[in-house]
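Okay, so here's the structure we're looking at.
The values are calculated or read from the model by the stated rules, or taken from the named source; none is laboratory data. This one's a predicted model, so the numbers in the text were calculated from it and none came from an experiment. Backbone-built Cβ (ideal geometry, glycine too); neighbour counts: all protein chains shown.
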Amino acid sequence: MIRITLLLLISAVISGCSIDQMLVRASTPLIEGGIYALNQEADLQLAENSIPTNLNMLEGMISIDPDNDSLRVYAAQAYYGLAYGFNEDNKRQRAVNFYLRGLKHGLHALDVNGYKNIRNGTMDELEAALMKMDDDDVGALFWTASNWAKWIDQNRDKSESLIELPKPTALMQRVLELDDTFYYGGAHMYFGVFYGGRSPMFGGDFKKSEAHFDRAREITNNDLLVADLLQAQYLSRQKMDQEDFHNRLTKIINAPVDLHPDLVLLNQIAKRKAVMLLKEEEKWF
């Protein structure tokens, strides 16, 4: 223990970090392990109950090491998951607040890495910053854009929110360019919704939407049900294709729970959302 303490002291002096910060950074593998275990959880209630405790711990670690971009990205991911998976469908304002928290953590991660004023700067400044970003920035880009776009979507009745949409879209485009497989092809699902959720008159493109959803399914070997969920919810509904809407959601509901052991939680969330969407079928078609 004395040797470990001395090593920490020496490392802290060399790196300019406090002992507390060194301990926080040494705990990062525990967070990664926790995320891995959570993704394998089939019980939605148990998963929902565990996330706030883990988030409180994560926020405590961030308070000790506020410029740790990895912790900020984990927090952005956690708030997105809590909002989308457990609050968006029945506690809208709570989801809005969580997306905003996730957005702030993501922006801070980008800021730490030298990309400042992304939200309030001009599009030209953003495009210039994006061209400097590389593979190390993909996580921050993806979770910032995901929370940002969802926050905008939940505030779509406010014009001041909608005018921000080009920025998260630019961030997600950069994710596609750097690593289109990141987080199970999540950027492709983003653009599947982006092009499929509106009519061609307002910038939609059904062929592009379908191509992005197809690529997402290719990346995950059809093991992630969210791609079909989003395609039914946005593209099939926009095309007024009731048969495709119904068949995709039914397929999700009937899919085995253990379709992929590392995606159990995400697939369980997709199943629950599919049931809710099917209840709206007669109203929408």
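State all residues of segment 108-127 that are under 23 Å from residue 65 (Cβ atoms) and hydrophobic (A, V, I, L, M, F, W, C); if no residue qualifies, say none.
Once the filter is applied, which keeps residues that are under 23 Å from residue 65 (Cβ atoms) and hydrophobic (A, V, I, L, M, F, W, C), segment 108-127 yields 109, 110, 112, 118.
For segment 83-96, does any single residue satisfy the condition of being under 24 Å from residue 43 (Cα atoms), aliphatic (A, V, I, L, M) and touching a residue at least 60 places away in the same chain (Cβ under 8 Å)?
Scanning segment 83-96, I find at least one residue that is under 24 Å from residue 43 (Cα atoms), aliphatic (A, V, I, L, M) and touching a residue at least 60 places away in the same chain (Cβ under 8 Å), so the answer is yes.
Which one of these is without any contact (Cβ under 8 Å) to a residue 40 or more places away in the chain and in contact with an Asp or Glu (Cβ under 7 Å, 6 or more places away or on another chain): 249, 259, 265, 235?
Just one listed residue meets the conditions, 259.
So, in segment 137-171, exactly how many residues are free of Cβ contacts under 8 Å to residues at least 60 places away in the same chain, closer than 17 Å to residue 101 by Cα and not β-branched (Val, Ile, Thr)?
Going through segment 137-171 one residue at a time, the tally reaches 11.
Of all residues in segment 201-221, count the ones that are of a type in the set (Lys, Arg) and crowded, with 16+ Cβ neighbours inside 10 Å.
Taking segment 201-221 first, the residues of a type in the set (Lys, Arg) are 207-208, 215, 217.
Remaining after also requiring crowded, with 16+ Cβ neighbours inside 10 Å: 215, 217.
Here the count works out to 2.
Considering 95, 83, 47, which residue is more than 19 Å from residue 171 (Cβ to Cβ) and modelled with pLDDT of 95 or more?
On the way: 83 fails: more than 19 Å from residue 171 (Cβ to Cβ); 47 fails: modelled with pLDDT of 95 or more.
Going through 95, 83, 47 in turn, just one is more than 19 Å from residue 171 (Cβ to Cβ) and modelled with pLDDT of 95 or more: 95.
If residue 119 satisfies all but one of (1) part of a loop (DSSP other than H, G, I, E, B); (2) surrounded by fewer than 22 Cβ atoms within 10 Å (Cβ to Cβ); (3) free of Cβ contacts under 8 Å to residues at least 40 places away in the same chain, what's the number of the condition it fails?
(3)
Counting just the residues of segment 156-172 that are aliphatic (A, V, I, L, M) and not in a helix (DSSP H, G or I), which one comes out farthest from the chain's Cα centre (by Cα)? Step through it out loud before you land on a result.
So in segment 156-172, the residues aliphatic (A, V, I, L, M) come out as 162-163, 165, 170-172.
Now narrow it down to the ones that are not in a helix (DSSP H, G or I): 163, 165.
Numbers: 163: 21, 165: 16 Å.
That would be 163.
Matching residues to (1) over 22 Å from residue 90 (Cβ atoms); (2) acidic (Asp, Glu); (3) buried (at least 18 other Cβ atoms within 10 Å of the Cβ):
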{"position": "191", "(1), (2), (3)": "yes, no, yes"}
{"position": "199", "(1), (2), (3)": "yes, no, no"}
{"position": "229", "(1), (2), (3)": "no, no, yes"}
{"position": "262", "(1), (2), (3)": "yes, yes, no"}
{"position": "276", "(1), (2), (3)": "no, no, no"}
